[in-house]
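Undergrad: I have a structure here, written as structure tokens, and I will follow up with some questions on it.
Just so it is clear, none of the values below were taken in a lab; they were calculated from the coordinates. If you're wondering where the values come from, they're calculated on a predicted model, not measured in any experiment. Because the Cβ atoms are built from the backbone with ideal geometry, glycine has one as well, and the counts that use them run over all protein chains shown.
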Amino acid sequence: MKRTPIIAGNWKMNKTPDEAAAFIKELLPEIKDSKNELIAGVPFVCLPAALEAAKGSNLKIAAQNMHWKESGAYTGEVSGAMLKSMGVPYVIIGHSERREYFAETDETVNLKAKAALSYGITPIICCGETLEQREAGIMESWVSGQVKAALQDLTKEQVKTIVIAYEPIWAIGTGRTATNEQANEVCTIIRNVVKDLYDEETAEALRIQYGGSVNAANSADLFSMDNIDGGLVGGASLKVKDFSVIAGYEC
Ligand code: 13P
């Protein structure tokens, strides 16, 4: 089955609402002919400006996090109900920076993924190992464990619609990209985990991104690997020229 590549920028904590709108206006003409599904993951405060700027275009907007409860005494948090009310179609869940700095666990990632789906928001669920784990030979069991935990209680129909982003922590923001083979190896492991948990049809439908120092020079080779269906792009998604080259990938 042919999967449509899905290429998402993760802006992290960058850009004000005005900067977001200006950036998207400049980006849209550069990406308009792309055949891929394209997303910009923007800070919460940029969501209204980004949604407005991207309206009617081929760029979709994602939030970078959400809480799993609908509402309540959770100071500083944003719920799926709030994102849904704004028309946000995607949310990045369980990024390694959130796991490291904001104490997210496999359990909260699963709660968030289930909550996102209940609001009709598609989660982009992140996983990936540290360099120490890779060197200790536990990469496969670690990433498989993260994926199994994230998908707990999800139906196969749900799993067919979600996105998993494999982001080795040692490759994030380091300029040290995984090789095409390393990235594809882990994306294959993830697809096999899903095949074991569900079935072949579900595994083949699932889109798996690679993230970690993706740039305009290495993206096409990474995305052409058989189990990599696009990317989650940090630093290079903040530059119109770079992101438009990455977004223009042709299979
Ligand atoms: P970089 O592309 O800056 O390495 O970041 C990757 C990432 O964390 C995307 O979510």
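Undergrad: All but one of (1) more than 17 Å from I246 (Cα to Cα); (2) buried (at least 16 other Cβ atoms within 10 Å of the Cβ); (3) touching a helix residue (DSSP H, G or I) at 6+ places or on another chain (Cβ under 8 Å) hold for D226, so report the exception by its number.
TA: (2)
Undergrad: Which numbered condition trips up S96, out of (1) away from the ligand (no atom under 16 Å from the Cβ); (2) in contact with a helix residue (DSSP H, G or I) (Cβ under 7 Å, 6 or more places away or on another chain); (3) among the hydroxyl-bearing types (S, T, Y)?
TA: (1)
Undergrad: Can you find a residue that is surrounded by 14 or more Cβ atoms within 10 Å (Cβ to Cβ) and free of Cβ contacts under 8 Å to residues at least 12 places away in the same chain anywhere in the stretch 195-204?
TA: Yes, some residue in the stretch 195-204 is surrounded by 14 or more Cβ atoms within 10 Å (Cβ to Cβ) and free of Cβ contacts under 8 Å to residues at least 12 places away in the same chain.
Undergrad: Any chance you could count how many residues in the stretch 29-59 are under 16 Å from A236 (Cα atoms) and either small (G, A, S) or more than 20 Å from the chain's Cα centre (by Cα) (or both)?
TA: Final tally of qualifying residues: 3.
Undergrad: Moving on. Is there any pair linking a residue in the stretch 1-25 that is farther than 23 Å from S219 by Cα to one that is surrounded by fewer than 22 Cβ atoms within 10 Å (Cβ to Cβ) and of a type in the set (D, E, K, R), with Cβ under 8 Å and at least six apart or on different chains, and which?
TA: Qualifying pairs under 8 Å: A21/E52.
Undergrad: Could I ask something else about it? Among residues belonging to the stretch 102-125 that are of a type in the set (G, A, S) and assigned to a loop (DSSP other than H, G, I, E, B), point out the one that is surrounded by the fewest Cβ atoms within 10 Å (Cβ to Cβ).
TA: Selected residue: A103.
Undergrad: Would you list the helices (runs of 4 or more DSSP H) that sit entirely within the stretch 132-247 and hold 1 or more residues that are within 16 Å of the ligand (Cβ to nearest atom)?
TA: Result: 139-150, 180-197, 219-223, 240-247.
Undergrad: Evaluate the following for V78: is it surrounded by 14 or more Cβ atoms within 10 Å (Cβ to Cβ) and farther than 21 Å from L232 by Cα?
TA: yes
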